[in-house]
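First up is the structure itself, then whatever we jot down about it.
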């Protein structure tokens, strides 16, 4: 969501009217956002248009330019009819050539409380969301002026409708949302008078098309740790599935040491992408709180009521991790995990069994003894602990139990909360029973056990089996229960266990 590696490059050779004839120089303008891979957006999405400005060695003060963005219906443009449904324009200071600090709302109350950027840092690369005209404080709500020009870049916020109820005069200005059409984005580089109601002098313009509707295939996954993200990207790229990397409006880190967040904007845009199309959800390292995968994306899906839709495919690592280091007779071996799908309606999968019980769990440690095919029977030496790993999927709560919060997140009021185990012998019946919470606590840095990651869709359950089970073969019968103590369909599993 925060890295852009490919871009559309548009070269503009301009003789700027702000310079004398002897000072005339070329300017190169390049788009970097939206990237080619992300020019299909969910209906109603806001989006950033970001680019670079190369003034060929001159300062912005020597050749000040402005950027105007217009969005029109592509079919009409092709017929020579240009009636923009969106127009956004910057207003640089004519002496400095950049957006002046007086037009940046540094004290905006809609930013996240954890944003720690200084005024000096933010002034170097402000998000276009913060722009207003200082002589008219109410202009902060005008979506037509959300554009920034810096010494070597520009950025524009185009609002599509999903945040029209948040800090904007959108409803008073625009007649319709950007929905289910192909639009053409027209870029005009300008010099001269940049008052909102006047065009100034257009020097050149360029365009690209952007489709609003539904992204057909998309990934839902947490982006950390990096070894997991690399697997996710490879999985998605091989199948043509979208991984959202372009910045969501309201999540800005271009040219900044940390991210400037406007939660109500970026969360609405993020969640919107997950209410249509086919979703490929990888259940790994997702906590209950402070994670967009859970509180925004899964939350929005649950709010809409289709957590259990056939349009959502849930996945897990077949060994429970992107990779494991396993101790063998020949030393150590790295075993790669594969991302595989749950069958539709299946809600529980065991991924491996281990025969130790370290108090703290890190996938970076070397494992001494592991069985990665639980369903083909497990054998454990008598007296040794048995530790089972596995994954569950989200479940659809009652709609009344999915609560939209004031910060743009959702509280999902039900999930698979625990597993009940019965160890059953064919002759003697149930020899042992236990109940375990669905939760996996892991740390990724073996040197720092204080940074614990709590995953609510994974588990690590350790058992010290009673001596009366020594030498016996039992069937391990498992059922999953939700927060209401109700059995969850699709969570009944069985496998054989030999205590040898």
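The values are calculated or read from the model by the stated rules, or taken from the named source; none is laboratory data. All of these numbers come straight from a predicted model, not from anything done at the bench. A quick note on method: Cβ atoms are made from the backbone with ideal geometry, for glycine too, and the neighbour counts reach across all protein chains shown.
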Residue that is nearest to the chain's Cα centre (by Cα), among those in the stretch 442-500 that are modelled with pLDDT under 95 and more than 22 Å from residue 385 (Cβ to Cβ) | 453
Are there any pairs, at least 6 apart or on different chains, whose C-beta atoms fall under 7 Å, with the first in the stretch 72-89 and outside the structural domain of residue 160 (by TED's automatic domain parsing) and loosely packed, with under 12 Cβ neighbours inside 10 Å and the second in a strand (DSSP E or B) and at pLDDT 95 or above, and if so, which?
-> none
Matching option when the condition is outside any helix (DSSP H, G or I), in contact with a helix residue (DSSP H, G or I) (Cβ under 7 Å, 6 or more places away or on another chain) and farther than 19 Å from residue 213 by Cα, among 275, 307 = 307
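Any residue that is part of a loop (DSSP other than H, G, I, E, B) and modelled with pLDDT under 95 - is there at least one of those in the stretch 385-408? Walk me through how you get there before you give the answer.
Here is the first cut: in the stretch 385-408, the residues part of a loop (DSSP other than H, G, I, E, B) are 385, 393-398, 405-408.
Within this subset, residues satisfying the condition of being modelled with pLDDT under 95 are 385.
Among the residues of the stretch 385-408, at least one is part of a loop (DSSP other than H, G, I, E, B) and modelled with pLDDT under 95, which makes the answer yes.
Would you point out which residue out of 87, 6 is at pLDDT 85 or above and under 22 Å from residue 252 (Cα atoms)? Steps first, answer last, please.
Values: 6 fails: at pLDDT 85 or above.
Checking each option against the conditions leaves just 87.
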Subset of the stretch 246-261 [under 18 Å from residue 158 (Cα atoms) and surrounded by fewer than 18 Cβ atoms within 10 Å (Cβ to Cβ)] = 253
Taking only the stretch 79-110 into account, find how many residues are within 33 Å of the chain's Cα centre (by Cα) and within 18 Å of residue 159 (Cα to Cα).
-> 8
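Based on this model, can you work out whether residue 284 counts as over 30 Å from residue 124 (Cα atoms), in contact with a strand residue (DSSP E or B) (Cβ under 6 Å, 6 or more places away or on another chain) and either assigned by TED's automatic domain parsing to the domain that holds residue 412 or crowded, with 23+ Cβ neighbours inside 10 Å (or both)? Write out each step before concluding.
Details: over 30 Å from residue 124 (Cα atoms): yes; in contact with a strand residue (DSSP E or B) (Cβ under 6 Å, 6 or more places away or on another chain): no; either assigned by TED's automatic domain parsing to the domain that holds residue 412 or crowded, with 23+ Cβ neighbours inside 10 Å (or both): yes.
No.
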Would you pick out the residues in the stretch 42-67 that are under 20 Å from residue 253 (Cβ atoms) and surrounded by 16 or more Cβ atoms within 10 Å (Cβ to Cβ)?
-> 45, 46, 47, 48, 49, 50, 51, 53
Across the stretch 433-451, what is the total count of residues that are without any contact (Cβ under 8 Å) to a residue 24 or more places away in the chain and in a loop (DSSP other than H, G, I, E, B)?
-> 5
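Taking the conditions exactly as written (under 24 Å from residue 294 (Cβ atoms) and touching a strand residue (DSSP E or B) at 6+ places or on another chain (Cβ under 6 Å)), does residue 460 satisfy them or not?
Against the criterion (under 24 Å from residue 294 (Cβ atoms) and touching a strand residue (DSSP E or B) at 6+ places or on another chain (Cβ under 6 Å)), residue 460 qualifies.
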The one condition in (1) surrounded by 15 or more Cβ atoms within 10 Å (Cβ to Cβ); (2) modelled with pLDDT under 95; (3) assigned to a strand (DSSP E or B) that residue 184 fails to fulfil | (2)
For the stretch 99-137, what are the residues that are in contact with a strand residue (DSSP E or B) (Cβ under 9 Å, 6 or more places away or on another chain) and part of a strand (DSSP E or B)?
-> 104, 131
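Out of 352, 300, report the one residue that is assigned by TED's automatic domain parsing to the domain that holds residue 447 and touching a helix residue (DSSP H, G or I) at 6+ places or on another chain (Cβ under 9 Å). Walk me through how you get there before you give the answer.
On the way: 300 fails: assigned by TED's automatic domain parsing to the domain that holds residue 447.
Just a single option satisfies the conditions, and that option is 352.
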